[in-house]
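A short write-up of the structure that comes next.
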Amino acid sequence: MFLVLAAAGAEFWMLHANAWGLGSRSPVLGYDAAEYAVAARELARHGQWVTTYALPVELARHATPPWPLALVQPGMVVTEAALFQLAPPDMRRGHDSMMTDARRPDQMEWLVLVLPFVSFIVIAVGLGLAVSHVLRRFAPNVSIVSRVAAGTVIGLAFLADPEAQHFAIGGFTELPFTLGLVGALAALALGIAPRLPFALGLLLGVTGTFRGAMLWLAPIFALGAAAAAPAGRRGRTLLLVLAGYAIPLAPWWIYKWRNFGTPAWDLSARSVWDGVQGRTWFSLFNDPDPGGLPHGLAGARLLAAKVARNLPSLALDMLNGPRALFVGALALWAWVTREPRGLRAAAWTALALAAASVFTAALSVPQLRYLFPTRVLVEAAGLLAVWGLIARADTLAPRVRAVLAVGIALLTLGWGARQCALGLDEARRTSEVRGVPTTLTLLQISRLVSLGVPAGEPVMSNLGPILAWESRRAVIHLAESPDLVAACRRRVDFSNVILAFRDARAAWPEWRELIEHPNDAMHHPGWNIRQLRVFQSADGFQVVWLELKPLEPSEAALVPASAP
């Protein structure tokens, strides 16, 4: 099983990477991955928990670079920093030097794929082993061949998931986070969690360093472990799980307390107001003075209305295809089964985790990617529950039960193959029209930045953290509109704005006029443009470089004295 799943995982990874054009049409680092890579590079090079990339909204609290970590979680930063440190010396020297030509100086960014790729393989193998051990312990009459076959089917179903494949070819935190959840649920199902609740808490804490979502998932695991524990130890089990969870995260909470005034501070929490009263992600994060947010009872009503709008579609997505069968079977099995207690607690925990994920996605950003980690748990546990219900159907002849079990396995693999094919086709189409230039274009822009912008001076760009990685300098993400650039400059002075869009239609609405008619922008009274350069890249992107005039004396006086 291990060899089959490891080989299949490597093959699925290569298929998706080739369809995505990884390293050619699509650079290795997308926006999310680049945010982590930039912070990890600062940690590896200077030993500091800072980043050279910031959103405009961050400038109100911390104006000058480098900035404290406001969006990323520490787990991936630490892992990538360690990998950067372990890179060959020649590679590290090439990456630390400033770029002076368009040749590829190194391939350091490929190191960010190590943990997601390993997690991709280990999750599949872990699911297979967990299923095999559960069957061996709780269904001893099942043959070893059937146990291995069941584990292999569940592992292959995960590997065929196009969303899992996509997370495996980028520096995303989803797969390391999912790996921790799989380990925690397996420990609960096999009875390990009630015996070692503190160890379970430590695992949850380490997992929580990869995604803040663990903050509301950890209590669910703690309750599940308490339910599986003997009656006299449930309170103690609950407290030990939560204590273990807090220990790995305590340094991170102290860091946030020192830099932002509260251990609970998280810039991503602003996303709950996305879609409320006309607010968008752009207005929430790319406006240096976004104004106050609703609060109190009025704010609660607005958020409740948002959840009511988003919840139905997200719930249906969670039940798409055979997922409805898996979720229903898991709920039915947990309802009709009384023993074993640990396995039943694991089933209810998986369902509660999925429900919590759907609710929080509806409350924040209603995207399927935020359902992925708990969806993996429910699908694997649900398929096992289907087989369990078939095995309990004593009214059916043994041969009929065997045919049904094999049929469910074939249905799962067939659905996975279909989804994989659709995912590969979507990856090919998306990679040809996505809003990030190719690696060569990014290198060319970075070379121009190195030659045309004084060392130490930040730039503003819609390429954000990707340009910060390639150019090795501070980058502020593009303001929501040209009219807000001056407000950003009052926080930290800079003179260059670099825009790279595939065409005017792909540009942000407020910047579309400038991209479509760049020469007219020179005469716009409020944009303060001194010089404008426009060129077309080889991959079809229109690059507009704005060099701005100095701030007016009254405005320049508002810039902090420490600003570059």
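Pick out the one residue from ALA186, ALA199 that is crowded, with 18+ Cβ neighbours inside 10 Å and either in a helix (DSSP H, G or I) or basic (Lys, Arg) (or both).
Numbers: ALA199 fails: crowded, with 18+ Cβ neighbours inside 10 Å.
Within the list ALA186, ALA199, the selection yields ALA186.
In a loop (DSSP other than H, G, I, E, B) and within 20 Å of PRO465 (Cα to Cα) - does that describe any residue in region 74-96? No, region 74-96 contains no residue that is in a loop (DSSP other than H, G, I, E, B) and within 20 Å of PRO465 (Cα to Cα).
Conditions tested, residue by residue: (1) part of a helix (DSSP H, G or I); (2) crowded, with 18+ Cβ neighbours inside 10 Å; (3) at pLDDT below 95.
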position: ALA361; (1), (2), (3): yes, yes, yes
position: PRO366; (1), (2), (3): no, yes, yes
position: ARG369; (1), (2), (3): yes, no, yes
position: VAL376; (1), (2), (3): yes, yes, no
position: LEU383; (1), (2), (3): yes, yes, no
position: ARG399; (1), (2), (3): yes, no, yes
position: ALA402; (1), (2), (3): yes, no, yes
position: LEU410; (1), (2), (3): yes, no, no
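Suppose the filter is of a type in the set (A, V, I, L, M) and in contact with a Phe, Trp or Tyr (Cβ under 9 Å, 6 or more places away or on another chain); does VAL400 pass it? Against the criterion (of a type in the set (A, V, I, L, M) and in contact with a Phe, Trp or Tyr (Cβ under 9 Å, 6 or more places away or on another chain)), VAL400 does not qualify. Tell me, yes or no, whether region 76-89 has at least one residue that is surrounded by 14 or more Cβ atoms within 10 Å (Cβ to Cβ), within 13 Å of ARG41 (Cβ to Cβ) and modelled with pLDDT under 90. Checked region 76-89: at least one residue is surrounded by 14 or more Cβ atoms within 10 Å (Cβ to Cβ), within 13 Å of ARG41 (Cβ to Cβ) and modelled with pLDDT under 90. Candidates are the residues of region 434-449 that are in contact with a strand residue (DSSP E or B) (Cβ under 8 Å, 6 or more places away or on another chain) and in a helix (DSSP H, G or I); the one that is farthest from PRO465 (Cα to Cα) is LEU448.
Residues in region 206-235 that are part of a helix (DSSP H, G or I), touching a residue at least 40 places away in the same chain (Cβ under 8 Å), among the small types (Gly, Ala, Ser) and surrounded by fewer than 24 Cβ atoms within 10 Å (Cβ to Cβ): ALA227 only. Restricting attention to region 253-280, and to residues there that are in contact with a Gly (Cβ under 9 Å, 6 or more places away or on another chain) and within 24 Å of MET76 (Cα to Cα), which single residue is modelled with the lowest pLDDT? My answer is ASP266. One residue stands out among those in region 106-121 that are crowded, with 19+ Cβ neighbours inside 10 Å and farther than 12 Å from TRP13 by Cβ: the one that is farthest from the chain's Cα centre (by Cα), which is MET108.
Here PRO65 fulfils each of the conditions (1) part of a loop (DSSP other than H, G, I, E, B); (2) of a type outside the set (Ser, Thr, Tyr); (3) in contact with a Leu (Cβ under 7 Å, 6 or more places away or on another chain) apart from (3). Of the residues making up region 284-341, those that are without any contact (Cβ under 8 Å) to a residue 60 or more places away in the chain, under 30 Å from GLY414 (Cα atoms) and not in a helix (DSSP H, G or I) are LEU319, ASN320, THR337. Taken residue by residue, region 55-68 has no member that is at positive phi, at pLDDT 90 or above and not assigned by TED's automatic domain parsing to the domain that holds ARG489. Please go through region 520-544 and pick out each residue that is among the hydrophobic types (A, V, I, L, M, F, W, C) and in a loop (DSSP other than H, G, I, E, B). Hits for region 520-544 are MET522, TRP527, ALA538, PHE541. Exactly one residue out of PRO465, PRO458, PRO437 is in contact with a His (Cβ under 9 Å, 6 or more places away or on another chain) and crowded, with 21+ Cβ neighbours inside 10 Å: that is PRO465.
Against the numbered list (1) free of Cβ contacts under 8 Å to residues at least 40 places away in the same chain; (2) more than 22 Å from PHE285 (Cα to Cα), PHE372 comes up short only at (1). Do the conditions hold for PRO509, that is, is it farther than 23 Å from SER450 by Cα and modelled with pLDDT of 80 or more? Answer is yes for this residue. The set of residues in region 474-507 that are within 12 Å of GLU457 (Cα to Cα) and in a loop (DSSP other than H, G, I, E, B) comprises ALA474, VAL492, ASP493, PHE494, SER495.
Restricting LEU404, LEU422, LEU410, LEU396 to residues that are among the hydrophobic types (A, V, I, L, M, F, W, C) and either touching a residue at least 60 places away in the same chain (Cβ under 8 Å) or in contact with a Gly (Cβ under 8 Å, 6 or more places away or on another chain) (or both) narrows the list to LEU422.
List every residue pair whose Cβ atoms sit under 6 Å apart, with the two residues 6 or more apart in sequence or on different chains, where the first one lies in region 443-472 and is without any contact (Cβ under 8 Å) to a residue 40 or more places away in the chain and the second, anywhere, is in a helix (DSSP H, G or I). Once the first residue is without any contact (Cβ under 8 Å) to a residue 40 or more places away in the chain and sits in region 443-472, its partners that are in a helix (DSSP H, G or I) give SER461/LEU467.
The values are calculated or read from the model by the stated rules, or taken from the named source; none is laboratory data. Values in this document were obtained by computation on a predicted structure and should not be read as measured data. We place every Cβ from the backbone using ideal geometry, glycine too, and count neighbours over all the protein chains shown.
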